[in-house]
Amino acid sequence: MFVQRAMRQATKAQTILGASPSKYTAKVLSSSRLYSTPALAPLDASKLEIKESKNQKALQDNSQLVFGKTFTDNMLTVEWEAGKGWGVPQIKEYGKLQLDPSAVVFHYAFECFEGMKAYKDKDGKTRLFRPDMNMKRFNRSAGRIALPSFEDEELTKLISEFLKVDDRWIPKGRGYSLYLRPTMIGTQESLGVGASNKAMIFVIASPVGPYFPSGFAAVNLLATSDKVRAWPGGTGDAKVGGNYAPCIRPQLDANKEGFQQNLWLFGADHQVTEVGTMNCFVFWKNEKGEKELVTPELDGSILPGVTRDSILSLTRTWGEFKVSERKFTMTDLVKADKEGRIIEMFGAGTACIVCPIKKIHYEGHDIHIPLDPSDKTSQAGKLTKRINDSIMDIQYGDVEGPKGWSVVV
């Protein structure tokens with residue numbers, strides 16, 4: 001109220017005095033801040049309190065690890081409140097959250113999350129892969145559903161401290177890692193639909209093994225157009241929980257027909273968007289005869305994956321073929337298949353890095369995707385394998401990689 005009144009006074013005065021609108025208004029607003037709401041407390045890693053668990057669980061052998069089934073001894077939590085800002089971060093024993101049944105997260109899907117991993121290199125050091133990108137996306141996702149923002153670097157520092165406390169849980173060996181799930185939820189106790197005045201960030205961790213324990217296993221896809229994963233102006237480019245549950249029923253239907261995942265299509269022209277919960281890549285010879293790696297452009301309906309960006313950056317530095325972000329349709333894929341121009345195709349994401357694709361069922365017909373013509377037993381194409389190995393080399397510190405990609409904790 002005070003600021004609005006100050007603005008009206010500034011506008012009136014500048015008309016009378018002939019003062020520069022921007023300079024005069026800025027001066028009035030500057031003075032008005034003295035009387036406005038106090039600055040909210042930022043997320044501050046220096047305030048961290050550590051109350052780690054005294055009950056250490058038994059570690060599992062690497063061969064027994066199943067994705068997302070086992071969790072470490074501790075968790076990281078920090079709460080936020082409107083008018084106050086971020087509270088004191090805590091590392092404490094892993095346990096149940098206590099929330100009111102009316103908490104808005106249960107009713108209106110005020111929830112977003114990230115997926116990232118911590119790796120042990122050959123020297124025993126712990127590494128994170130491009131955590132800055134995860135933090136930026138986490139903030140964007142929170143903003144999309146009216147949850148509070150936070151200081152990127154401070155949360156990265158807190159996660160680093162969490163990793164030091166639960167260091168014994170980070171499995172050693174290439175392909176093994178500690179999966180991290182930073183999550184933010186709205187916790188206001190109300191059934192009213194509006195921005196939540198309370199929120200919480202929590203981070204839990206789970207030791208995981210290779211996505212393909214026995215080597216690559218190429219998947220079959222059902223091209224799906226009657227259900228859509230995302231749409232322009234929606235939340236497809238945000239990592240919010242509300243994007244995931246609606247995709248489970250179509251996936252179960254695809255499973256019943258013998259397919260592992262859905263190839264999500266959009267629009268009357270059946271644009272290719274994503275593969276299950278992964279970004280989609282096609283390596284082919286385009287209609288100009290050029291070798292091209294193509295993935296759908298970030299139009300607001302595609303999740304800006306960290307692995308997606310890494311693949312684009314790496315392959316562009318190789319300079320061996322064209323790398324494009326653009327729209328393409330099933331008509332384009334069908335035509336390329338008929339003309340023998342498809343070289344290989346894969347999904348990409350944090351959990352698997354890359355997932356080779358060997359068949360797409362579309363409108364009653366199968367499109368068979370080549371894998372490695374030089375090895376009939378191979379379950380992945382040459383480029384798919386090269387990308388996988390190149391990213392893993394950086395993740396485990398075997399190769400330096402671009403600046404800031406592999407961060408030692």
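At a glance:
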| read-out | value |
| --- | --- |
| Cross-link pairs beyond the 23 Å C-alpha cut-off, checked among Lys69/Lys120; Lys84/Lys164; Lys285/Lys385; Lys69/Lys239; Lys338/Lys376 | Lys84/Lys164 |
| Identified option (computed semi-axes √(5λ) of the Cα gyration tensor in Å; candidates (i) 35, 22, 21; (ii) 60, 22, 16; (iii) 41, 29, 21) | (iii) |
| Largest to smallest accessible area among Asp73, Asp375 [probe 1.4 Å] | Asp375, Asp73 |
| Probe 1.4 Å - accessible area at Phe202, Å² to nearest ten | 30 |
| Crossing angle, helix 152-165 versus the chain [Cα axis fit, 0-90 degrees, rounded to tens] | 70 |
| Accessible surface, the chain, averaged per residue in Å² (probe 1.4 Å) | 50 |
| Solvent-accessible area of Glu339 with every protein chain in place, 1.4 Å probe, in Å² to the nearest 10 | 100 |
| At most 13 other Cβ within 10 Å, DSSP loop - trypsin sites (Lys or Arg not before Pro), the range 71-149 | Lys84, Lys96, Lys122, Lys125 |
| Exposure ranking of Glu344, Glu111, Glu400 by accessible area [1.4 Å probe, largest first] | Glu400, Glu111, Glu344 |
| Within-11-Å neighbourhood charge of Ile367 [Cβ basis; K, R +1; D, E -1] | +1 |
| Carbon and sulfur %, accessible surface of the range 123-261 computed with the full protein complex present, 1.4 Å | 52 |
| The range 120-262: C-alpha gyration tensor shape, a/c 1.5 cut-off, then a/b vs b/c | oblate |
| Which of Leu40, Leu65 is most accessible, then next, and so on - probe 1.4 Å | Leu40, Leu65 |
| Solvent accessible area, Å² - Glu52, 1.4 Å probe, full protein context | 90 |
| Helix-only mean residue ellipticity at 222 nm for the chain, each DSSP H run of n ≥ 4 adding -39500 (n - 2.57), per residue, nearest 500 | -8500 deg cm²/dmol |
| Shape of the range 192-332, Cα gyration tensor, a/c cut at 1.5 | rounded |
| Crossing angle, helix 306-318 versus the chain [Cα axis fit, 0-90 degrees, rounded to tens] | 60 |
| Gyration tensor (alpha-carbon) shape descriptor, the range 174-255, a/c threshold 1.5 | oblate |
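The values are calculated or read from the model by the stated rules, or taken from the named source; none is laboratory data. Bear in mind that the values here come from a model prediction, so they are computed numbers and not experimental data. Heads up, the Cβs are rebuilt from the backbone with ideal geometry, glycines too, and the neighbour counts pull from every protein chain shown. Quick note on the areas: whole protein, heavy atoms, side chains included, nothing else; ligands and nucleic acids left out. Shrake-Rupley method; radii C 1.70, N 1.55, O 1.52, S 1.80 Å.
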